[in-house]
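The values are calculated or read from the model by the stated rules, or taken from the named source; none is laboratory data. Predicted model only: the values in this text are computed from it and were never measured. For neighbour counting, all protein chains shown are included, and Cβ atoms are generated from backbone atoms with ideal geometry for every residue, glycine included.
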Amino acid sequence: MPNAANRELLALVRLEELMARTAGSPEVRIGLIDGPLALDHPDLASQSLQIVGSPAGAACGGAGDAACGHGTFVAGILAARRESSAPALCPDCTLLVRPIFTLRARGASPQDLAAALRDCIAAGAHILNLSLGVLRATGLEERGLQEGLDYAARRGVLVVAAAGNEGSVGSSVLTRHPWAIPVVACDLAGRPVGFSNLGRSIGRHGVRAPGESVQSLSTGGSFFVAGGTSAAAPFVTGALALLWSLFPRAHAAALRSAVGASAGQVASLVPALLDAQTAYRRLASL
C-alpha cells in the first residue's frame, strides 16, 4: 500500500477511487522516455516491462547513476506493485521503457526525443510520459521535435510532459505544442510549487498534479522521496492509463478533455488541478 504521505497525494487528485476500480490493463501501453531502470528492483520485477530500442541502453551504471535513479523513481509511480509504498498507479498496464539519457545528461536533445517518440509509437504506446527537459537547440532541430509531436497527435498517442523546474514563465517547443499535456507540480494544498514553470500554453493545455514529497522506488531495491514536475507528470499519465483501461473505446481527445487538458480551458498561467474522479464521470457520461 502507498505510505501515508502518498495516500494524501492520491486523495488530493482523487486517484484513490480510480485505483480501487482497476490496476490498469496490459492492452494500455505507456511509453516511459526517461533514464534506464533498476530492473532488479523487487517491486518492479514482476511487472509488465518491455525495453524499446537497444537493451544495452537500459542498463544502470551503478548506485551513483542519477539517470537510473530518476527513471526508476518515475517508473515506481506508474508500475510498482500495489503492495509497494510507492504510488503504484497502474501496475497492470504495459510499460515500454525507452531510455534517452545517461549518467552524464538529464536533458534530451530535440532530435533524440523525436526519435524516442517514434520508437515508442511504433511499439504501440498509447501514452508517452516525458519527465524530462529539452536541451537548447537550433530552430531546425526543434522543428524535428515539432514534427514528432504532430505525428503523435495524428496517431492519437497522448503526450504528458513535465512543465520544468526553472521557476520561469514561458514555454518550450514541448510545452507549447497543442497536443502535449504539460504538468505543473503542486503541494499538498494543490498550490503550484514555486519552482514549477508556468505559462499561457501550460495554463491552457496543462494540469496540476502532486510534485512535493513523493516517495517512490530507488536503485538498490530501496525507496526515496523527491518532487518536481518530473514526479508530477506520471500522476497524470497514470490517471489517463487507468481511465483508458476502464474506457478502452474512448478516443484520445476525449481522455484529454476528461482530465481538463483542453485548449482554451483556462485563461490563466496556472492550469487546473487534476481530478481523476470527475474525469471518470465525464467519460462514463459519453
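How many of the residues making up region 73-99 are touching an Asp or Glu at 6+ places or on another chain (Cβ under 6 Å) and farther than 15 Å from residue 159 by Cα?
4
What do you reckon, is residue 5 modelled with pLDDT under 95, closer than 22 Å to residue 213 by Cβ and hydrophobic (A, V, I, L, M, F, W, C)?
yes
If the requirement is being assigned to a helix (DSSP H, G or I) and at pLDDT 95 or above, which of these qualifies: 76, 69, 57?
Sole residue among the options that is assigned to a helix (DSSP H, G or I) and at pLDDT 95 or above: 76.
Please state which one of 253, 180, 185 is small (Gly, Ala, Ser) and more than 15 Å from the chain's Cα centre (by Cα).
253
Here is a list: 199, 203, 194. Which entry is within 27 Å of residue 252 (Cβ to Cβ) and more than 18 Å from the chain's Cα centre (by Cα)?
Only one candidate qualifies: 199.
Yes or no: residue 161 at pLDDT 95 or above, farther than 29 Å from residue 81 by Cβ and outside any loop (DSSP other than H, G, I, E, B)?
no
Look through region 189-214, keep the residues that are charged (D, E, K, R) and touching a Cys at 6+ places or on another chain (Cβ under 9 Å), and return whichever of them is nearest to residue 228 (Cα to Cα).
Per the stated criteria, the residue is 212.
Looking at 278, 219, 237, can you tell me which residue is of a type in the set (Val, Ile, Thr) and closer than 18 Å to residue 6 by Cα?
From the options 278, 219, 237, the qualifying one is 237.
Can you pull out every residue in region 123-152 that is at pLDDT 95 or above and in contact with a strand residue (DSSP E or B) (Cβ under 8 Å, 6 or more places away or on another chain)?
The answer is 123, 124, 125, 126, 127, 128, 129, 130, 131, 149, 152.
For region 159-176, name all the residues that are surrounded by fewer than 23 Cβ atoms within 10 Å (Cβ to Cβ) and either of a type in the set (A, V, I, L, M, F, W, C) or in contact (Cβ under 8 Å) with a residue 60 or more places away in the chain (or both).
Passing the criteria: 165, 169, 173.
Quick one: what pairs do we get from region 69-85, first residue within 16 Å of residue 34 (Cα to Cα), second at pLDDT 95 or above and among the aromatic types (Phe, Trp, Tyr), C-beta under 7 Å, 6+ apart or different chains?
Pairs that qualify, where the first residue is within 16 Å of residue 34 (Cα to Cα) and the partner is at pLDDT 95 or above and among the aromatic types (Phe, Trp, Tyr), are 77/235.
Under the condition of being surrounded by fewer than 23 Cβ atoms within 10 Å (Cβ to Cβ) and modelled with pLDDT of 90 or more, which residue from region 42-51 is nearest to residue 226 (Cα to Cα)?
Only one residue tops the list, namely 42.
Only one of (1) free of Cβ contacts under 8 Å to residues at least 60 places away in the same chain; (2) among the hydroxyl-bearing types (Ser, Thr, Tyr); (3) in a strand (DSSP E or B) fails for residue 216. Which number is that?
(1)
Find the residue count for region 4-37, including only residues that are assigned to a strand (DSSP E or B) and among the aliphatic types (A, V, I, L, M).
3
So in region 164-188, with the set limited to residues that are out of contact with any helix residue (DSSP H, G or I) (no Cβ under 8 Å at 6 or more places or on another chain) and outside any strand (DSSP E or B), which one is farthest from residue 230 (Cα to Cα)?
170
Within region 120-158, which residues are assigned to a helix (DSSP H, G or I), of a type in the set (A, V, I, L, M) and either under 18 Å from the mean Cα position of the chain (by Cα) or crowded, with 24+ Cβ neighbours inside 10 Å (or both)?
121, 145, 149, 152, 153, listed by residue number.
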